[in-house]
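Down below is the structure, laid out as structure tokens.
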Amino acid sequence: MARIAGLVAKKNIKGELTHITIDVKKHKDAIAPFLEQMGVSTKTAFQIDREKGVNLDEFRKRMHKHIDNLPWKK
């Protein structure tokens with residue numbers, strides 16, 4: 001059997017194939033649809049936070065609204 005980079009097969013004592021480890025970095029395009037079906041994300045924590053975040057204009061609007069609502073001493 002040919003060796004494929006990024007795949008590691010493990011067998012039990014009887015020689016039966018029990019586990020396969022796949023390097024997601026090397027085979028991301030091939031395995032991503034299956035991971036998404038299982039609810040596992042291939043995105044980094046930074047990418048997930050960036051998608052959840054607000055853009056710069058929205059942040060500025062929220063910041064100015066917050067500053068305007070602060071109890072300023074006159």
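Taking the criterion of being polar (S, T, N, Q), exposed (fewer than 10 other Cβ atoms within 10 Å of the Cβ) and not in a helix (DSSP H, G or I), the residues of region 31-73 that qualify are 44, 55, 69. In the set (1) over 15 Å from the mean Cα position of the chain (by Cα); (2) under 30 Å from residue 3 (Cβ atoms); (3) surrounded by 10 or more Cβ atoms within 10 Å (Cβ to Cβ), residue 20 fails one condition alone, (3).
Only the coordinates and a few stated rules stand behind these numbers; no lab work does. Keep in mind it's a predicted model, so treat the numbers as computed, not measured. Cβ: placed from backbone, ideal geometry, glycine included. Neighbour counts: every protein chain shown.
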